[in-house]
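*Asks:* Before anything else, here's the structure in question.
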Amino acid sequence: MFDLIIRKANLPDGRTGVDIAVKGAKIAAVEPQIDSPARAEIDATGRLVTPPFVDPHFHMDATLSLGLPRMNVSGTLLEGISLWGELRPLLTKEALVERALRYCDLAVSQGLLFIRSHVDTSDPRLVTVEAMIEVREKVKPYIDLQLVAFPQDGYYRAENGVGSLNRALDMGIDIVGGIPHFERTMDDGRASVEALCRIAADRGLPVDMHCDETDDPMSRHIETLAAQTVRFGLQGRVAGSHLTSMHSMDNYYVSKLIPLMAEAKINVIPNPLINIMLQGRHDSYPKRRGLTRVRELMDAGLNVSFGHDCVMDPWYSMGSGDMLEVGHMAIHVAQMAGLEDKKKIFDAITVNSAKTMGLEGYGLEKGCNADFAILQAADPLEALRLKPTRLGVIRRGKVIARSMPCIAELSLDGRPARIDSGRDYVPLS
Ligand SMILES: [Zn+2]
(Lines give C-alpha, C1' and ligand atoms only; values in the text may rest on other atoms or scores of the structure.)
Protein backbone atom coordinates (compact mmCIF):
# COMPACT_ATOMS: atom_id res chain seq x y z
CA MET A 1 0.00 0.00 0.00
CA PHE A 2 1.52 3.31 -1.11
CA ASP A 3 0.62 6.71 0.31
CA LEU A 4 0.37 8.42 -3.07
CA ILE A 5 0.63 7.47 -6.74
CA ILE A 6 0.96 10.06 -9.48
CA ARG A 7 -0.46 8.35 -12.59
CA LYS A 8 0.66 8.54 -16.22
CA ALA A 9 3.16 11.36 -15.81
CA ASN A 10 5.48 12.73 -18.48
CA LEU A 11 9.01 13.01 -17.11
CA PRO A 12 11.69 15.58 -18.03
CA ASP A 13 13.83 12.84 -19.64
CA GLY A 14 11.13 12.16 -22.25
CA ARG A 15 9.44 9.09 -20.72
CA THR A 16 5.64 9.29 -20.88
CA GLY A 17 2.78 7.54 -19.07
CA VAL A 18 4.90 6.77 -16.01
CA ASP A 19 3.50 6.07 -12.54
CA ILE A 20 5.35 7.49 -9.53
CA ALA A 21 4.64 5.85 -6.17
CA VAL A 22 5.34 7.55 -2.85
CA LYS A 23 5.74 5.97 0.57
CA GLY A 24 6.20 8.39 3.44
CA ALA A 25 8.47 11.19 2.26
CA LYS A 26 10.31 9.18 -0.40
CA ILE A 27 9.77 7.96 -3.94
CA ALA A 28 9.16 4.20 -3.69
CA ALA A 29 8.83 3.33 -7.40
CA VAL A 30 8.93 4.93 -10.86
CA GLU A 31 7.48 2.47 -13.36
CA PRO A 32 5.31 2.34 -16.50
CA GLN A 33 2.36 0.91 -14.56
CA ILE A 34 2.07 0.33 -10.82
CA ASP A 35 -0.82 -1.99 -9.97
CA SER A 36 -0.67 -1.64 -6.18
CA PRO A 37 -3.25 0.61 -4.51
CA ALA A 38 -2.49 3.93 -2.83
CA ARG A 39 -4.26 6.07 -0.24
CA ALA A 40 -4.37 8.94 -2.75
CA GLU A 41 -3.90 9.21 -6.49
CA ILE A 42 -3.27 12.14 -8.82
CA ASP A 43 -4.00 11.79 -12.53
CA ALA A 44 -1.16 13.50 -14.42
CA THR A 45 -2.03 12.17 -17.87
CA GLY A 46 -0.07 14.15 -20.43
CA ARG A 47 1.36 16.49 -17.80
CA LEU A 48 5.01 17.10 -17.03
CA VAL A 49 6.04 16.02 -13.55
CA THR A 50 9.41 17.47 -12.65
CA PRO A 51 11.52 17.73 -9.52
CA PRO A 52 10.85 21.17 -8.01
CA PHE A 53 12.57 24.24 -9.37
CA VAL A 54 15.78 25.37 -7.68
CA ASP A 55 16.98 28.98 -7.45
CA PRO A 56 20.70 29.06 -6.60
CA HIS A 57 20.98 32.87 -6.44
CA PHE A 58 18.51 35.18 -4.74
CA HIS A 59 18.31 38.15 -2.35
CA MET A 60 15.64 37.24 0.18
CA ASP A 61 16.49 40.23 2.42
CA ALA A 62 15.70 42.71 -0.36
CA THR A 63 12.76 41.06 -2.07
CA LEU A 64 9.38 42.85 -2.19
CA SER A 65 10.98 46.13 -1.04
CA LEU A 66 10.40 47.85 -4.38
CA GLY A 67 9.84 51.60 -3.99
CA LEU A 68 11.38 51.77 -0.51
CA PRO A 69 12.45 54.46 0.08
CA ARG A 70 12.31 55.41 -3.64
CA MET A 71 12.60 53.89 -7.11
CA ASN A 72 15.86 53.23 -8.97
CA VAL A 73 15.78 56.03 -11.55
CA SER A 74 18.81 55.09 -13.69
CA GLY A 75 18.07 51.39 -13.50
CA THR A 76 21.74 50.62 -12.92
CA LEU A 77 23.44 48.16 -10.60
CA LEU A 78 25.31 51.00 -8.88
CA GLU A 79 22.17 53.07 -8.18
CA GLY A 80 20.55 49.87 -6.90
CA ILE A 81 23.42 49.38 -4.45
CA SER A 82 23.25 52.99 -3.22
CA LEU A 83 19.44 52.80 -2.97
CA TRP A 84 19.74 49.64 -0.87
CA GLY A 85 22.25 51.60 1.26
CA GLU A 86 19.52 54.23 1.89
CA LEU A 87 16.97 51.59 2.83
CA ARG A 88 19.27 49.48 5.01
CA PRO A 89 19.28 51.66 8.16
CA LEU A 90 15.46 51.65 8.05
CA LEU A 91 15.14 47.86 7.94
CA THR A 92 13.50 46.05 10.82
CA LYS A 93 13.68 42.35 11.52
CA GLU A 94 9.88 42.05 11.54
CA ALA A 95 9.46 43.64 8.11
CA LEU A 96 12.31 41.57 6.64
CA VAL A 97 10.80 38.35 7.94
CA GLU A 98 7.32 39.25 6.70
CA ARG A 99 8.49 40.14 3.19
CA ALA A 100 10.59 36.96 2.95
CA LEU A 101 7.74 34.73 4.12
CA ARG A 102 5.42 36.31 1.57
CA TYR A 103 7.98 35.64 -1.15
CA CYS A 104 8.29 32.02 -0.02
CA ASP A 105 4.48 31.63 -0.33
CA LEU A 106 4.78 32.80 -3.92
CA ALA A 107 7.76 30.49 -4.52
CA VAL A 108 5.84 27.44 -3.28
CA SER A 109 2.93 28.24 -5.59
CA GLN A 110 5.46 28.29 -8.46
CA GLY A 111 6.96 24.92 -7.51
CA LEU A 112 10.19 26.59 -6.33
CA LEU A 113 11.25 24.72 -3.18
CA PHE A 114 15.02 25.27 -2.98
CA ILE A 115 16.56 28.74 -2.73
CA ARG A 116 20.08 30.01 -2.03
CA SER A 117 19.90 33.59 -0.82
CA HIS A 118 22.67 36.09 -0.31
CA VAL A 119 22.26 38.08 2.91
CA ASP A 120 23.81 41.52 3.18
CA THR A 121 26.26 41.68 6.08
CA SER A 122 27.29 45.34 5.59
CA ASP A 123 25.18 46.82 8.40
CA PRO A 124 26.92 45.87 11.67
CA ARG A 125 23.50 45.50 13.32
CA LEU A 126 23.22 42.33 11.18
CA VAL A 127 19.44 42.59 11.38
CA THR A 128 19.29 41.04 7.91
CA VAL A 129 21.22 38.02 9.16
CA GLU A 130 19.02 37.57 12.23
CA ALA A 131 15.89 37.87 10.10
CA MET A 132 16.98 35.45 7.37
CA ILE A 133 18.12 32.83 9.91
CA GLU A 134 14.63 33.05 11.44
CA VAL A 135 13.08 32.69 7.97
CA ARG A 136 15.31 29.68 7.20
CA GLU A 137 13.84 27.95 10.26
CA LYS A 138 10.26 29.00 9.60
CA VAL A 139 10.19 27.77 5.98
CA LYS A 140 12.13 24.57 6.64
CA PRO A 141 9.02 22.34 6.31
CA TYR A 142 8.49 23.50 2.73
CA ILE A 143 11.59 25.31 1.41
CA ASP A 144 15.28 24.51 1.80
CA LEU A 145 16.86 27.95 2.22
CA GLN A 146 20.66 28.29 2.08
CA LEU A 147 22.18 31.58 3.24
CA VAL A 148 25.31 33.29 1.93
CA ALA A 149 27.18 35.95 3.95
CA PHE A 150 27.30 38.71 1.36
CA PRO A 151 29.38 41.87 2.01
CA GLN A 152 27.33 44.07 -0.35
CA ASP A 153 29.42 47.20 0.31
CA GLY A 154 32.72 45.32 0.01
CA TYR A 155 34.60 43.00 2.33
CA TYR A 156 37.41 45.56 2.63
CA ARG A 157 35.60 48.64 1.34
CA ALA A 158 32.87 48.73 4.01
CA GLU A 159 33.99 50.07 7.37
CA ASN A 160 33.07 46.92 9.29
CA GLY A 161 33.09 44.53 6.33
CA VAL A 162 35.59 41.97 7.64
CA GLY A 163 34.21 41.75 11.17
CA SER A 164 30.56 41.71 10.12
CA LEU A 165 31.01 38.90 7.60
CA ASN A 166 32.80 36.74 10.13
CA ARG A 167 30.18 37.43 12.80
CA ALA A 168 27.44 36.43 10.33
CA LEU A 169 29.22 33.11 9.78
CA ASP A 170 29.50 32.66 13.56
CA MET A 171 25.72 33.22 13.79
CA GLY A 172 25.10 30.30 11.45
CA ILE A 173 25.18 31.54 7.87
CA ASP A 174 25.96 28.60 5.57
CA ILE A 175 28.19 29.98 2.81
CA VAL A 176 30.98 32.54 2.32
CA GLY A 177 30.15 35.32 -0.17
CA GLY A 178 32.08 38.19 -1.69
CA ILE A 179 31.97 41.03 -4.20
CA PRO A 180 35.54 41.54 -5.46
CA HIS A 181 34.61 43.86 -8.35
CA PHE A 182 33.11 46.33 -5.86
CA GLU A 183 36.23 46.65 -3.70
CA ARG A 184 38.16 49.91 -4.12
CA THR A 185 40.82 48.50 -6.44
CA MET A 186 41.47 45.42 -8.53
CA ASP A 187 44.16 44.49 -6.02
CA ASP A 188 41.75 44.77 -3.07
CA GLY A 189 39.35 42.61 -5.04
CA ARG A 190 42.03 39.97 -5.61
CA ALA A 191 43.00 40.07 -1.93
CA SER A 192 39.35 39.70 -0.88
CA VAL A 193 38.94 36.57 -3.00
CA GLU A 194 42.01 35.03 -1.38
CA ALA A 195 40.93 35.98 2.16
CA LEU A 196 37.37 34.70 1.67
CA CYS A 197 38.53 31.39 0.17
CA ARG A 198 40.84 30.96 3.15
CA ILE A 199 37.92 31.54 5.54
CA ALA A 200 35.86 28.94 3.65
CA ALA A 201 38.69 26.41 3.80
CA ASP A 202 39.26 27.04 7.53
CA ARG A 203 35.55 26.76 8.38
CA GLY A 204 34.76 23.94 5.93
CA LEU A 205 32.15 26.03 4.10
CA PRO A 206 31.25 26.51 0.43
CA VAL A 207 31.92 29.79 -1.40
CA ASP A 208 29.51 31.74 -3.60
CA MET A 209 30.72 35.14 -4.77
CA HIS A 210 29.14 37.86 -6.81
CA CYS A 211 32.04 37.93 -9.24
CA ASP A 212 32.79 40.36 -12.05
CA GLU A 213 29.23 41.70 -12.30
CA THR A 214 30.44 44.43 -14.62
CA ASP A 215 30.93 45.13 -18.32
CA ASP A 216 34.65 45.80 -17.75
CA PRO A 217 36.56 43.12 -19.68
CA MET A 218 39.53 43.65 -17.35
CA SER A 219 37.49 42.55 -14.34
CA ARG A 220 39.12 39.13 -14.02
CA HIS A 221 38.44 38.10 -10.44
CA ILE A 222 37.01 34.81 -11.67
CA GLU A 223 40.58 33.85 -12.61
CA THR A 224 41.71 34.48 -9.04
CA LEU A 225 38.64 32.69 -7.67
CA ALA A 226 39.42 29.59 -9.76
CA ALA A 227 43.09 29.66 -8.81
CA GLN A 228 42.37 30.06 -5.08
CA THR A 229 39.77 27.29 -5.31
CA VAL A 230 42.46 24.90 -6.53
CA ARG A 231 44.99 26.23 -4.02
CA PHE A 232 42.69 25.63 -1.04
CA GLY A 233 41.30 22.34 -2.35
CA LEU A 234 37.75 23.71 -2.64
CA GLN A 235 36.98 22.17 -6.05
CA GLY A 236 33.24 21.72 -6.62
CA ARG A 237 32.35 23.81 -3.53
CA VAL A 238 32.78 27.23 -5.14
CA ALA A 239 30.29 29.20 -7.22
CA GLY A 240 30.93 32.24 -9.37
CA SER A 241 27.73 34.26 -9.63
CA HIS A 242 27.04 36.61 -12.57
CA LEU A 243 30.48 36.56 -14.32
CA THR A 244 29.12 39.15 -16.74
CA SER A 245 32.55 40.60 -17.58
CA MET A 246 33.24 37.34 -19.43
CA HIS A 247 30.75 38.58 -22.04
CA SER A 248 33.14 41.40 -22.93
CA MET A 249 36.51 39.66 -22.45
CA ASP A 250 39.04 39.02 -25.17
CA ASN A 251 38.44 35.61 -26.76
CA TYR A 252 42.06 34.49 -26.44
CA TYR A 253 42.04 35.21 -22.71
CA VAL A 254 38.77 33.31 -22.31
CA SER A 255 40.29 30.30 -24.09
CA LYS A 256 42.70 30.03 -21.16
CA LEU A 257 40.21 31.04 -18.47
CA ILE A 258 37.45 28.47 -19.12
CA PRO A 259 39.77 25.44 -18.76
CA LEU A 260 41.05 26.93 -15.48
CA MET A 261 37.44 27.26 -14.26
CA ALA A 262 36.80 23.65 -15.31
CA GLU A 263 39.88 22.49 -13.39
CA ALA A 264 38.50 24.24 -10.29
CA LYS A 265 35.01 22.78 -10.94
CA ILE A 266 33.49 26.24 -10.50
CA ASN A 267 29.69 26.28 -10.40
CA VAL A 268 28.62 29.05 -12.76
CA ILE A 269 25.49 31.03 -11.85
CA PRO A 270 24.36 33.56 -14.45
CA ASN A 271 21.23 35.56 -13.65
CA PRO A 272 19.67 36.17 -17.08
CA LEU A 273 16.80 38.48 -16.06
CA ILE A 274 19.01 40.77 -14.03
CA ASN A 275 22.03 40.63 -16.34
CA ILE A 276 20.03 41.67 -19.41
CA MET A 277 18.41 44.44 -17.36
CA LEU A 278 21.51 45.89 -15.68
CA GLN A 279 24.48 45.26 -17.98
CA GLY A 280 25.52 47.35 -20.96
CA ARG A 281 24.09 50.49 -19.32
CA HIS A 282 27.10 52.60 -20.28
CA ASP A 283 26.91 51.48 -23.90
CA SER A 284 25.26 53.55 -26.60
CA TYR A 285 24.69 51.32 -29.66
CA PRO A 286 25.42 48.53 -30.18
CA LYS A 287 24.57 47.59 -26.58
CA ARG A 288 26.12 44.49 -25.08
CA ARG A 289 23.86 41.84 -23.59
CA GLY A 290 26.15 41.25 -20.62
CA LEU A 291 25.18 37.62 -20.02
CA THR A 292 28.19 35.38 -19.45
CA ARG A 293 29.19 32.77 -22.04
CA VAL A 294 26.56 30.17 -21.19
CA ARG A 295 26.92 27.85 -24.18
CA GLU A 296 30.74 27.84 -24.09
CA LEU A 297 30.81 27.15 -20.34
CA MET A 298 28.31 24.30 -20.70
CA ASP A 299 30.27 22.86 -23.63
CA ALA A 300 33.42 22.90 -21.49
CA GLY A 301 31.65 20.69 -18.93
CA LEU A 302 31.09 23.33 -16.25
CA ASN A 303 27.96 23.10 -14.12
CA VAL A 304 25.85 26.09 -15.16
CA SER A 305 22.71 26.94 -13.21
CA PHE A 306 20.53 30.03 -13.44
CA GLY A 307 19.44 32.30 -10.59
CA HIS A 308 16.41 34.58 -10.30
CA ASP A 309 18.52 37.06 -8.26
CA CYS A 310 15.85 39.69 -7.62
CA VAL A 311 12.08 40.09 -7.41
CA MET A 312 10.68 43.59 -6.91
CA ASP A 313 13.65 45.15 -5.13
CA PRO A 314 16.05 48.10 -5.67
CA TRP A 315 17.70 46.34 -8.62
CA TYR A 316 14.74 44.83 -10.44
CA SER A 317 11.11 45.94 -10.49
CA MET A 318 9.84 42.74 -12.13
CA GLY A 319 9.90 39.04 -11.28
CA SER A 320 7.39 36.43 -10.18
CA GLY A 321 9.30 33.67 -8.41
CA ASP A 322 9.02 31.61 -11.58
CA MET A 323 12.24 29.89 -12.61
CA LEU A 324 10.67 29.17 -16.02
CA GLU A 325 10.68 32.93 -16.61
CA VAL A 326 14.42 32.85 -15.86
CA GLY A 327 14.95 29.97 -18.29
CA HIS A 328 12.77 31.67 -20.90
CA MET A 329 14.99 34.76 -20.79
CA ALA A 330 18.14 32.60 -20.91
CA ILE A 331 16.98 30.93 -24.13
CA HIS A 332 16.67 34.33 -25.76
CA VAL A 333 19.74 36.08 -24.43
CA ALA A 334 22.08 33.09 -24.76
CA GLN A 335 20.44 32.33 -28.13
CA MET A 336 19.93 28.68 -27.19
CA ALA A 337 16.78 27.82 -29.12
CA GLY A 338 17.62 24.32 -30.39
CA LEU A 339 15.83 21.31 -28.92
CA GLU A 340 18.94 20.08 -27.09
CA ASP A 341 19.72 23.66 -26.03
CA LYS A 342 16.33 24.01 -24.36
CA LYS A 343 16.76 20.73 -22.48
CA LYS A 344 20.04 22.10 -21.13
CA ILE A 345 18.27 25.31 -20.08
CA PHE A 346 15.62 23.28 -18.22
CA ASP A 347 18.42 21.37 -16.47
CA ALA A 348 19.96 24.72 -15.47
CA ILE A 349 16.89 25.58 -13.36
CA THR A 350 16.48 22.07 -11.93
CA VAL A 351 19.21 19.42 -11.73
CA ASN A 352 22.20 21.71 -12.33
CA SER A 353 20.98 24.12 -9.66
CA ALA A 354 20.47 21.20 -7.29
CA LYS A 355 24.10 20.24 -7.90
CA THR A 356 25.25 23.82 -7.24
CA MET A 357 23.39 23.80 -3.92
CA GLY A 358 24.65 20.31 -3.06
CA LEU A 359 21.10 19.02 -2.53
CA GLU A 360 20.75 15.42 -1.42
CA GLY A 361 17.82 13.24 -2.46
CA TYR A 362 16.88 15.52 -5.35
CA GLY A 363 15.43 13.86 -8.47
CA LEU A 364 12.82 11.47 -9.77
CA GLU A 365 14.55 8.19 -8.97
CA LYS A 366 13.45 5.58 -6.47
CA GLY A 367 14.77 6.62 -3.06
CA CYS A 368 14.77 10.35 -3.80
CA ASN A 369 12.65 12.75 -1.75
CA ALA A 370 9.02 12.81 -2.91
CA ASP A 371 9.18 16.42 -4.10
CA PHE A 372 7.49 17.34 -7.39
CA ALA A 373 5.84 20.00 -9.43
CA ILE A 374 3.04 19.00 -11.84
CA LEU A 375 2.80 21.42 -14.75
CA GLN A 376 0.06 22.23 -17.23
CA ALA A 377 2.49 21.38 -20.03
CA ALA A 378 3.56 18.18 -21.72
CA ASP A 379 7.35 18.48 -21.58
CA PRO A 380 10.22 20.79 -20.59
CA LEU A 381 10.22 22.59 -23.93
CA GLU A 382 6.54 23.44 -23.62
CA ALA A 383 7.07 24.43 -20.00
CA LEU A 384 9.77 26.92 -20.99
CA ARG A 385 7.60 28.31 -23.79
CA LEU A 386 4.38 28.65 -21.81
CA LYS A 387 5.49 29.17 -18.19
CA PRO A 388 2.35 27.19 -17.39
CA THR A 389 0.22 26.79 -14.29
CA ARG A 390 1.70 24.63 -11.52
CA LEU A 391 -1.25 22.26 -11.08
CA GLY A 392 0.26 20.65 -8.02
CA VAL A 393 3.32 21.09 -5.82
CA ILE A 394 4.30 18.20 -3.60
CA ARG A 395 6.85 18.23 -0.80
CA ARG A 396 7.94 15.02 0.94
CA GLY A 397 4.78 13.29 -0.33
CA LYS A 398 2.31 15.98 0.74
CA VAL A 399 0.47 18.33 -1.61
CA ILE A 400 1.41 21.85 -0.45
CA ALA A 401 0.01 23.89 -3.36
CA ARG A 402 -2.62 23.39 -6.04
CA SER A 403 -3.86 25.53 -8.90
CA MET A 404 -6.75 25.04 -11.28
CA PRO A 405 -5.71 24.48 -14.90
CA CYS A 406 -5.88 27.56 -17.08
CA ILE A 407 -8.54 26.91 -19.72
CA ALA A 408 -9.82 29.52 -22.16
CA GLU A 409 -13.44 29.31 -23.28
CA LEU A 410 -13.93 30.50 -26.85
CA SER A 411 -17.11 31.83 -28.49
CA LEU A 412 -16.18 31.46 -32.17
CA ASP A 413 -18.37 29.89 -34.83
CA GLY A 414 -16.87 26.63 -36.05
CA ARG A 415 -13.94 26.78 -33.64
CA PRO A 416 -13.27 24.78 -30.43
CA ALA A 417 -15.22 25.77 -27.32
CA ARG A 418 -12.20 25.43 -25.03
CA ILE A 419 -8.44 25.68 -25.31
CA ASP A 420 -6.01 24.14 -22.87
CA SER A 421 -2.89 25.96 -23.98
CA GLY A 422 -0.69 23.20 -22.60
CA ARG A 423 -2.31 20.44 -24.64
CA ASP A 424 -4.04 21.95 -27.62
CA TYR A 425 -1.94 24.78 -28.85
CA VAL A 426 0.96 22.94 -30.51
CA PRO A 427 2.57 22.99 -33.95
CA LEU A 428 0.49 21.24 -36.62
CA SER A 429 2.00 19.03 -39.28
ZN1 LIG B 1 22.89 38.81 -6.56
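*Asks:* Out of segment 127-138, which residues are in contact with a helix residue (DSSP H, G or I) (Cβ under 8 Å, 6 or more places away or on another chain) and surrounded by fewer than 23 Cβ atoms within 10 Å (Cβ to Cβ)? Explain how you work it out, then say what you get.
*Replies:* If we filter segment 127-138 for residues that are in contact with a helix residue (DSSP H, G or I) (Cβ under 8 Å, 6 or more places away or on another chain), which is where we start, we get 127-135, 138.
Once the filter is applied, which keeps residues that are in contact with a helix residue (DSSP H, G or I) (Cβ under 8 Å, 6 or more places away or on another chain) and surrounded by fewer than 23 Cβ atoms within 10 Å (Cβ to Cβ), segment 127-138 yields 127, 130, 133, 134, 138.
*Asks:* Which residue pairs have Cβ atoms under 7 Å apart, sit 6 or more places apart or on different chains, and have a first residue in segment 206-220 that is over 12 Å from residue 180 (Cβ atoms) and a second that is of a type in the set (D, E, K, R) and more than 16 Å from the ligand (Cβ to nearest atom)?
*Replies:* Listed by first residue and then by second, the contacts come to 206/237; 215/288; 217/250.
*Asks:* Would segment 110-130 turn up any residue that is assigned to a helix (DSSP H, G or I) and under 22 Å from the mean Cα position of the chain (by Cα)?
*Replies:* Within segment 110-130, the first condition is being assigned to a helix (DSSP H, G or I), and the residues that meet it are 127-130.
Then keep just the ones that are under 22 Å from the mean Cα position of the chain (by Cα); that gives 128-129.
Yes: segment 110-130 contains one or more residues that are assigned to a helix (DSSP H, G or I) and under 22 Å from the mean Cα position of the chain (by Cα).
*Asks:* Does residue 76 meet the test of being in contact with a helix residue (DSSP H, G or I) (Cβ under 7 Å, 6 or more places away or on another chain), of a type in the set (S, T, N, Q) and under 23 Å from residue 143 (Cα atoms)? Spell out the reasoning first.
*Replies:* Details: in contact with a helix residue (DSSP H, G or I) (Cβ under 7 Å, 6 or more places away or on another chain): yes; of a type in the set (S, T, N, Q): yes; under 23 Å from residue 143 (Cα atoms): no.
In short, no.
*Asks:* Does segment 24-47 include one or more residues that are away from the ligand (no atom under 16 Å from the Cβ), crowded, with 16+ Cβ neighbours inside 10 Å and among the acidic types (Asp, Glu)?
*Replies:* No, the conditions are met nowhere in segment 24-47.
*Asks:* Hey, another quick one. Does residue 76 fit the bill of being β-branched (Val, Ile, Thr), surrounded by fewer than 24 Cβ atoms within 10 Å (Cβ to Cβ) and within 16 Å of the ligand (Cβ to nearest atom)?
*Replies:* For residue 76, the condition - β-branched (Val, Ile, Thr), surrounded by fewer than 24 Cβ atoms within 10 Å (Cβ to Cβ) and within 16 Å of the ligand (Cβ to nearest atom) - is met.
*Asks:* Would you mind finding the one in 124, 141 that is at pLDDT below 95, on the phi < 0 side of the Ramachandran plot and either surrounded by fewer than 22 Cβ atoms within 10 Å (Cβ to Cβ) or among the acidic types (Asp, Glu) (or both)?
*Replies:* Details: 141 fails: at pLDDT below 95.
Step by step, each of 124, 141 is checked, and only 124 is at pLDDT below 95, on the phi < 0 side of the Ramachandran plot and either surrounded by fewer than 22 Cβ atoms within 10 Å (Cβ to Cβ) or among the acidic types (Asp, Glu) (or both).
*Asks:* Tally the residues that are within 16 Å of the ligand (Cβ to nearest atom) and outside any helix (DSSP H, G or I), restricting the search to segment 318-348.
*Replies:* Residues meeting the conditions: 3.
*Asks:* Give the residue, chosen from 16, 50, 63, that is polar (S, T, N, Q), modelled with pLDDT of 95 or more and more than 24 Å from the chain's Cα centre (by Cα). Before the answer, list the steps.
*Replies:* Working: 50 fails: more than 24 Å from the chain's Cα centre (by Cα); 63 fails: more than 24 Å from the chain's Cα centre (by Cα).
When all the criteria are applied, what remains is 16.
*Asks:* In addition: Kindly list, by first and then second residue, each pair from a residue in segment 360-372 that is aromatic (Phe, Trp, Tyr) to a residue that is at pLDDT 95 or above and assigned to a loop (DSSP other than H, G, I, E, B), limited to pairs with Cβ atoms under 7 Å and residues at least 6 apart or on different chains.
*Replies:* Within 7 Å, the pairs are 362/51; 362/368; 372/51; 372/52.
*Asks:* Output the residue which, of all residues in segment 141-150 that are assigned to a loop (DSSP other than H, G, I, E, B) and touching a residue at least 40 places away in the same chain (Cβ under 8 Å), is farthest from residue 84 (Cα to Cα).
*Replies:* If we filter segment 141-150 for residues that are assigned to a loop (DSSP other than H, G, I, E, B), which is where we start, we get 141-143.
Filter once more, keeping what is touching a residue at least 40 places away in the same chain (Cβ under 8 Å): 141-142.
On the way: 141: 30, 142: 29 Å.
The residue in question is 141.
*Asks:* Looking at segment 403-413, can you tell me whether even one residue there is in contact (Cβ under 8 Å) with a residue 60 or more places away in the chain, buried (at least 18 other Cβ atoms within 10 Å of the Cβ) and either under 19 Å from the mean Cα position of the chain (by Cα) or more than 25 Å from residue 270 (Cα to Cα) (or both)?
*Replies:* Residues of segment 403-413 in contact (Cβ under 8 Å) with a residue 60 or more places away in the chain: 403.
Going one step further and asking which of them are buried (at least 18 other Cβ atoms within 10 Å of the Cβ), we end up with none.
Scanning segment 403-413 turns up no residue that is in contact (Cβ under 8 Å) with a residue 60 or more places away in the chain, buried (at least 18 other Cβ atoms within 10 Å of the Cβ) and either under 19 Å from the mean Cα position of the chain (by Cα) or more than 25 Å from residue 270 (Cα to Cα) (or both).
*Asks:* Okay, next question. Check every one of the helices (runs of 4 or more DSSP H) wholly within segment 226-317 and list those with 1 or more residues that are within 16 Å of the ligand (Cβ to nearest atom). Steps first, answer last, please.
*Replies:* Details: elements: 245-248, 251-263, 272-278, 294-299.
Passing ranges, in order: 245-248, 272-278.
The values are calculated or read from the model by the stated rules, or taken from the named source; none is laboratory data. As the structure is a computational prediction, the values presented were derived from the model and not from experiment. Note: ideal-geometry Cβ built from the backbone for every residue, glycine included; neighbour counts use all protein chains shown.
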